[in-house]
Each structure stands twice: as C-alpha cells, then as structure tokens.
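Taking it in order: structure first as structure tokens, then the write-up.
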Amino acid sequence: MDFVGDSVISIGQFYGIELLDFPHEVAKLSLWLAQHQMNKLLQERFGYLIPALPLQNIEGIHLGNACTLDWEEVCPHSPEDEVYIFGNPPYLGASLQDKTQKAEVLTLWGKKGGSIDYIANWFIKGARYIGKSNAKCAFVSTNSICQGEQVSLIWPSLLRFVEIEFAYTSFKWGNNAKGNAGVTVIIVGLTPREKAKAKHLYIGATSLTPEEISPYLTPSPSVIIAKKGKPLTPGFPEMRLGNKPSDGGGLIINEKEREYLISQDERLKQFIRPLVGAQELVKGLRRYCFWIEDGELEEAKQSPEIAKRLTQVKEFRSKSTEISTREMAQAPHRFYFIAHQESPRIIIPSTTSEAREYIPMDYQTDGKTIVLNSALAVYDAPMWLFAVLTSRMHMAWVRTIGGKLKTDYRYSAQICYNTFPFPKLSKQVCSLLEVAAEEVLLCRADYVGKTLAELYDPKTMPE
C-alpha cells in the first residue's frame, strides 16, 4: 500500500489567512479534524490506516489581514505549481465600510474604490496571484459584484488577468448556526486567461457549457455596461429620482391624519398632496405629504399642527451629521431634495420582486402627486415611452445588467434607463406604441380595487 501513503495530500499543503485569533485557531483545528475524517475514509476504502499521532504542526495558516498581506509570501508558487484558492470573504457595501476598510479598498482599486464592495478585494488579490500561472481561485460571494454598477467598476481590472471558468448564479445559502439567516450568494471560479479547458455555468438545476461566461454570469461575451449620466437613446427624456424628504417623518401623513386635519380646517387641503413611492405605487397604499411653497409658509404656519411638524423637521435636520441636511433645517417646510414637475409622468419603483415578469410601472396624468425617492420618475413623459419601458424587451435588459437587492430588481436611471439601446422612432411607430400603452392602462383599469402587486403577480395576474 505504499502508493496510498505516497499519494495522500498532507496538511502542510494547506495555507490560509485569518484576521482574528479565535478563527485562526479554529482553522487549524478544522484541518486536524478534516485530516482525521479523511484518514478514516481511507481506512474504510483501502484498509490502510495513517497514524494520527503525533499531530503535525500547522504553519500554513497565517494570522493577518488578507487585504494587506502579500499572498505570494503566504503561499509562494511557481507558474507550474497547481494552487487552488477558495473561500467565503466578508461582504460590506461601500456605505458600510469603516475608515480602515475604505483605505484598503482604495489601496487596491484606486479612485474608483470609493464605490466598490469590500468583497471585491479578494477577487483582485486572487486574480493578480494566479496571473499567468497554473493556479485557480473561486469564491462564494454576494451577487452584488456581478450586477449593476459594480460590474463596470470591478471586472475590467479582473479580466486583464483572468476569465470566468465556472459560476453558480444567485441562490440562497445558509448554515446550521443558531439564528442563521440565509443570504443570497453566487460562486465564481477564475482561471488565468485562455487556460480554461471548458466553462460551466449553473443556473438553478440547469447546467450550461458556453464558450464564454460574462461578468453578469450569462453565457455570452464580456460586454460591460457602464452607467451613463444621460439617456443613450435620442428622444428619451431624463429620468429622475423622486423627491427626498429627510424630515424625520414630519412632512408625511397617512389618510386618517389627512382627513382629521381637513375636518378641523378646510383651508389645509391646499398644503396637502398625494404621495407615491414604491410601496404606495405597487401595494396601493395611500399616503400624503405637506407641500408648502415659500410664499405660502406664513399662511401654513397658522395651523398649530403644521407649525408643530415644521418644528419637528427643523430639529431632526439640525442633528444630522450631513452639512447639507443641517443647512436645510432653515427651510423645514421644503423637501430636502425636490425634482417635482407638474406634468404627466411615468413612475417606476426602485425595487420590486423578482417573481414578477414585468416591473409594475404607472403612467399618471395628475401633476399634483408627489413622487417619493423610493421611486423614479420621467416627467413630461410621452405615452409611447411607457409602452417601451413596460415591454418584455426592456425587462430582459433590466434583468441582465441591472442591480439586485438579494434577487429582487433594483431599477436605476444611470444603469437601466440611460444605457438602454433603442432606435429613434418614427411618428407612425410612436402612435402605434401609444395605442398599445393605452390598452395596457385600460386593461388594468378594468380591475378596480386590484393593486399593481396583485395584477402583476404571475400566480394571480388576470388572463
């Protein structure tokens, strides 16, 4: 049985990096346990028992920060050596990183690092490490790095060194820990450029063997879509984020509060507008807001309730850590950010369920309604544009290159709308699209009392 003893993998061939003392020691213990389990399996299969004692000292697991350590010093390798890197790095979005983590991202990614997810550090370190060698790496990662803006920030640098050899698209992953919450992840395997013998893409229970796997984890070439500040397509009007209150709730009221205030003073009706954000649009919720022009302020403050709420807004903004928010404490009657236009508009929820085949958008002619910043709006929008944005073609674009919240759609103007490639339309085609758009709206109107969430649920959508 000498061939068994000569061919086994030893603990000395494993290397690792752990940031904290306890996980560092647990990693060593895990290797000893794994060695014992494999020795038992070897005995069952071949009747050959490798002595467990004395325990081999583990020197390959290093205590330190994987973002700052030189991986070549942790595990030196020549171009011919077979090295396999794998792991489940930590995830932190750009807004959640502390000063040290932000500095690490900037060191590895340069100026664009200010918007990059922390987990991308492991991908660039891994890509540089395997370079033109015989090594490969794979990570369990949040799906964010293969969606939306992150793709254009991260992948051009990675593709200089590597290509995607295999990948598992988004799936929910958890473990047996107490109180464990499942997270949505992907698995991405990288290999030095032009060294992959075959590529494999796993989409649920489906397995594909495409010629290429794009950074969006699609079976296609690596075409990368970068965000744009203005629409690519001629004739597409600007899409804007909805109005942001930053008010601590002081400017927002529900339907009962509105009815009570108006019953006390009919004049207050002129200062109250319907409010629609993503939840209000999709679920049919009714909320309102105080909308007070500068010239109406003194009249509005004659209402004790309005005066109290404006004081609440002023106090909330004054305590903000943001300078711009504190400055807006001097105008508590106004929303922090205003994009409102009194014109027909298309309203799109920023986030909506992956279960829907179409994002439930709406076309509204009531220019008085205020769009909240949980939605986007195209003001002074032509009816034919509503037909284009609610088409299956546009949804295919959004599903492929848009961002996600877990696996739900995240619609953005700069990524989904401004980049959408579409031809300039003739007046005749626009007229046909307007008819189609009107048919959609009239069909929805036949189901009075049904919310867009109910109408666009594939399980309950009317035929």
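Which order, highest average first, do 54-60, 453-459 follow once you tally other Cβ atoms within 10 Å for each residue and take the mean per peptide? List each step's numbers first, then the result.
Details: 54-60: 11.7, 453-459: 14.7.
Result, highest mean Cβ count within 10 Å first: 453-459, 54-60.
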Would you pull out the residues with amide H under 5 Å of residue 162's amide H, same chain only if 5 or more places away, H placed 1.01 Å from N? 193
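What does the net charge come to around residue 107 if you take all other residues with beta carbon closer than 14 Å to its beta carbon, with K and R at +1 and D and E at -1? Mind showing how you got there, number by number?
Details: positive: 99, 102, 111, 112, 125, 128; negative: 70, 104.
Local charge sum for residue 107: +4.
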Computed FRET value (nearest 0.05) for residue 391 with residue 307, which takes r as the C-beta separation and R₀ as 56 Å: 0.70
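Contact order normalised by length for the chain, with contacts defined as Cα pairs under 8 Å and 6 or more residues apart; what percent is it? Walk me through the intermediate numbers first.
On the way: 780 pairs, mean separation 56.9, N = 463.
For the chain, the relative contact order is 12 percent.
Full-extension gain between residue 140 and residue 195, please, as 0.36 nm times their residue separation minus the C-alpha to C-alpha distance. The partial results should precede the final answer.
Working: separation 55, 0.36 × 55 = 19.80 nm, distance 2.15 nm.
Between residue 140 and residue 195, full extension yields an extra 17.7 nm.
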Phi-based couplings in Hz for region 70-80 (Karplus 6.51, -1.76, 1.60; Gly and Pro marked x): 7, 5, 5, 6, 5, 9, x, 8, 9, x, 8
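Can you list which of the GluC sites (Glu not before Pro) found in region 286-343 are DSSP loop residues with at most 14 other C-beta atoms within 10 Å?
On the way: sites: 293, 296, 298, 299, 305, 315, 322, 327, 342; in loops: 293, 322, 342.
Hits after loop and neighbour filter: 293, 322, 342.
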Please work out the Cα center distance from region 248-306 to region 58-75, rounded to the nearest Å. 59
Labelled set (i) 146; (ii) 209; (iii) 193; volume of the Cα convex hull per residue in Å³ computed from this model equals the value at (ii)
Summing -39500 (n - 2.57) over every DSSP H run of at least 4 in the chain, dividing by its residue total and rounding to the nearest 500, the 222 nm mean residue ellipticity is -9500 deg cm²/dmol
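How big is the charge dipole of the chain about its Cα centre, in debye rounded to the nearest 20, if each Lys and Arg gets +1 on its Cβ and each Asp and Glu gets -1 on its Cβ? Show your work: numbers first, answer last.
Working: 52 positive and 53 negative charges, 109 e Å.
The calculation lands at about 520 debye.
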Residue-wise HN-Hα coupling along region 48-59, computed from phi with Karplus coefficients 6.51, -1.76, 1.60 (Hz; x: Gly, Pro): 10, 10, 8, x, 7, 10, x, 4, 6, 5, 9, 10
Which chymotrypsin sites (Phe, Trp or Tyr not before Pro) from region 390-435 combine a DSSP loop assignment with at most 12 other Cβ atoms within 10 Å? none
Magnitude of the Cβ-charge dipole (Lys and Arg +1, Asp and Glu -1) of region 120-237 about the Cα centre, nearest 20 debye, reported as 300
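No lab work stands behind these numbers, since they all come straight from the coordinates. What you are looking at is a predicted structure, and each value in this text was computed from that prediction instead of being measured. Glycine gets a Cβ as well: all are built from the backbone with ideal geometry, and neighbour counts include every protein chain shown.
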